[in-house]
Amino acid sequence: MRIVVKFGGTSLGSGERIERAATSVARAVEQGHEVAIVASAMGNTTDELLDDIVYDADESDRAEIVSMGERTAVRMFKGALSAHDVDAEFYEPGHEDWPIITDEFGEVDIDETTRRTHALAGTMRDEVPIVTGFLAEDHAGNVTTLGRGGSDTTAVMLGKYMDADEVVIVTDVEGVMTGDPSVVEGARNVGEISVDELRNLSFRGAEVVAPSALSYKDSGLGVRVLHYQHDDLLTGGTTIQGEFQRLIDLQEDRLSCLTVAGRAVRNRPGILSELSTALSDEGINVEAVSSGMDSITFYVRQADVETAETVLHDCVVDTDTLSSVTVTDSVAVIRITGGELPDQPGAVNRVIDPIADARINLIDVITSATSISIMVPWDDREQALNLVQDAH
């Protein structure tokens with residue numbers, strides 16, 4: 001089995017923890033597995049280095065300075081593996097076989113990185129490669145970085161291009177939890193989670209796997225999150241399933257939008273829950289929701305609109321700070337989904353600008369971490385769909 005293991009800063013935060021990590025790697029190697037390591041900076045080294053840059057350093061100098069945390073970590077890890085009689089080699093920018101190359105725009109050069117990573121994978125039969133996480137190198141040999149959480153990106157990227165069976169993210173959390181264990185009682189590990197679910201959680205503050213890393217995961221690559229105190233790298237933690245799919249979909253059902261206006265939208269806690277619950281109690285599925293300062297809009301199937309309007313009107317009548325409910329029928333929704341959307345500047349504009357240029361009314365645009373939903377008049381749906389498809 002070929003695995004890439006990323007050790008986060010916490011798991012390398014002391015000599016004792018590095019020794020623990022090295023022991024787990026040595027055990028996997030003894031069992032006959034091919035292992036590559038991605039090492040983050042030890043503890044909070046990167047943050048401390050950044051805090052110490054109090055002068056106006058240019059990007060190249062900053063990259064060189066912050067790289068020292070990872071450069072130290074790979075040397076420490078190699079020493080620990082050598083103490084276990086495991087052959088290892090560390091790789092950092094400047095090494096002749098360094099794998100991760102960026103172009104003039106700071107983006108990963110996929111072709112060159114794939115070629116170099118394949119070559120690095122060929123060494124895994126004889127040694128454990130230890131790669132600095134977070135760092136890259138441009139074609140001129142300058143140190144660049146992969147951004148915040150870049151060590152996760154390094155690991156999943158290498159796993160993909162090394163044709164690894166699995167990437168293991170070793171961190172200071174026990175996989176993905178049902179809730180924050182420091183806040184809620186009884187939080188437990190989620191054994192499995194989809195890549196879409198995790199990416200949405202990541203963009204909303206769940207610090208498990210960096211969102212940028214998940215775009216490199218494909219269906220054939222296993223990714224697992226494991227606590228650093230779990231000594232067996234091959235078991236436990238949370239498995240991340242699936243891969244991102246780029247889909248452009250026109251929903252077949254006509255929708256209606258119901259807009260509830262009133263001061264309660266911003267001044268009364270729980271108003272969204274109350275309105276949603278009222279619709280749910282009548283068996284009405286809400287397809288999408290958008291909100292403004294003084295309004296909430298619910299999108300439901302047009303077949304349900306009369307019941308939905310009655311339900312929401314009753315809520316308006318019963319609540320002094322809600323003013324009215326209005327309805328617009330014959331709405332179409334086009335959905336674009338894809339894990340790479342958050343990493344593409346201007347992704348929303350590329351979708352909506354052609355529609356606006358065609359003088360099609362945009363009723364609403366709703367975005368999430370991995371999707372864009374566009375609401376247009378029903379009669380314009382086919383033209384809008386074609387414009388979106390051409391834009392992608």
Open item on the list: Quick check on residue 153: is it without any contact (Cβ under 8 Å) to a residue 60 or more places away in the chain, under 25 Å from the mean Cα position of the chain (by Cα), within 19 Å of residue 215 (Cβ to Cβ) and surrounded by 21 or more Cβ atoms within 10 Å (Cβ to Cβ)?
Closed with: no
Open item on the list: Suppose we filter 316, 286 for residues that are surrounded by fewer than 17 Cβ atoms within 10 Å (Cβ to Cβ), among the hydrophobic types (A, V, I, L, M, F, W, C) and at pLDDT 90 or above; which single one remains?
Closed with: 286
Open item on the list: Name the residue that is nearest to residue 168 (Cα to Cα), counting only residues in region 217-228 that are assigned to a loop (DSSP other than H, G, I, E, B) and modelled with pLDDT under 90.
Closed with: 228
Task: Which numbered condition residue 63 misses (of (1) in a helix (DSSP H, G or I); (2) in contact with a Ser or Thr (Cβ under 7 Å, 6 or more places away or on another chain); (3) under 24 Å from residue 167 (Cβ atoms)) - done: (3)
Task: Residues satisfying the stated conditions in region 63-96, i.e. in contact with a helix residue (DSSP H, G or I) (Cβ under 6 Å, 6 or more places away or on another chain) and either under 18 Å from residue 140 (Cβ atoms) or loosely packed, with under 15 Cβ neighbours inside 10 Å (or both) - done: 92
Task: Criterion: at pLDDT below 90, at negative phi, of a type in the set (Gly, Ala, Ser) and in the same structural domain as residue 125 (by TED's automatic domain parsing) - qualifying residue of 24, 60, 82 - done: 60
Open item on the list: Can you say whether residue 105 is part of a loop (DSSP other than H, G, I, E, B) and more than 15 Å from residue 154 (Cα to Cα), as far as the supplied structure shows?
Closed with: yes
TODO: Kindly list, by first and then second residue, each pair from a residue in region 326-347 that is in the same structural domain as residue 305 (by TED's automatic domain parsing) and surrounded by fewer than 19 Cβ atoms within 10 Å (Cβ to Cβ) to a residue that is at pLDDT 75 or above and of a type in the set (Asp, Glu), limited to pairs with Cβ atoms under 6 Å and residues at least 6 apart or on different chains.
DONE: 327/309; 335/249
Open item on the list: Show the residue pairs meeting these rules: Cβ distance below 6 Å; 6+ apart or different chains; first residue within region 42-62 and closer than 21 Å to residue 172 by Cβ; second residue loosely packed, with under 12 Cβ neighbours inside 10 Å.
Closed with: none
Open item on the list: Checking the condition surrounded by 15 or more Cβ atoms within 10 Å (Cβ to Cβ), over 30 Å from residue 107 (Cα atoms) and among the hydroxyl-bearing types (Ser, Thr, Tyr), which residue from 280, 276 passes?
Closed with: 276
Task: Unmet requirement for residue 259, which otherwise passes all of (1) surrounded by 16 or more Cβ atoms within 10 Å (Cβ to Cβ); (2) among the β-branched types (Val, Ile, Thr); (3) outside the structural domain of residue 384 (by TED's automatic domain parsing) - done: (3)
Open item on the list: Can you tell me which condition residue 57 does not meet? The list is (1) assigned to a helix (DSSP H, G or I); (2) surrounded by fewer than 18 Cβ atoms within 10 Å (Cβ to Cβ), and all the others hold.
Closed with: (1)
Open item on the list: Can you find, within region 229-263, the residue that is nearest to residue 158 (Cα to Cα) among those that are acidic (Asp, Glu) and not in a strand (DSSP E or B)?
Closed with: 243
- [ ] Would you check which residues across region 359-379 are in a strand (DSSP E or B) and under 20 Å from residue 291 (Cβ atoms) and list them?
- [x] 364, 365, 366, 367, 371, 372, 373, 374, 375, 376
Task: Candidate set: region 350-363, residues that are within 20 Å of residue 256 (Cβ to Cβ) and surrounded by fewer than 17 Cβ atoms within 10 Å (Cβ to Cβ); chosen: the one nearest to the chain's Cα centre (by Cα) - done: 362
Task: Matching strands (runs of 3 or more DSSP E) fully within region 140-209 where at least 1 residues are modelled with pLDDT of 95 or more and of a type outside the set (D, E, K, R) - done: 166-171
Open item on the list: I need the full set of residues from region 1-25 which are farther than 26 Å from residue 217 by Cα and of a type outside the set (Val, Ile, Thr), in order please.
Closed with: 13, 14, 15, 16, 17, 19, 20
TODO: Only residues in region 245-256 that are under 23 Å from residue 195 (Cα atoms) and at pLDDT below 90 count as the first member; pair them with residues that are surrounded by fewer than 16 Cβ atoms within 10 Å (Cβ to Cβ) and polar (S, T, N, Q), Cβ under 7 angstrom, at least 6 apart or cross-chain, and list the lot.
DONE: 248/389
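The values are calculated or read from the model by the stated rules, or taken from the named source; none is laboratory data. Since this is a predicted model, take the numbers as computed values, not measurements. Neighbour counts run over all protein chains shown; Cβ positions are idealised from the backbone, glycine included.
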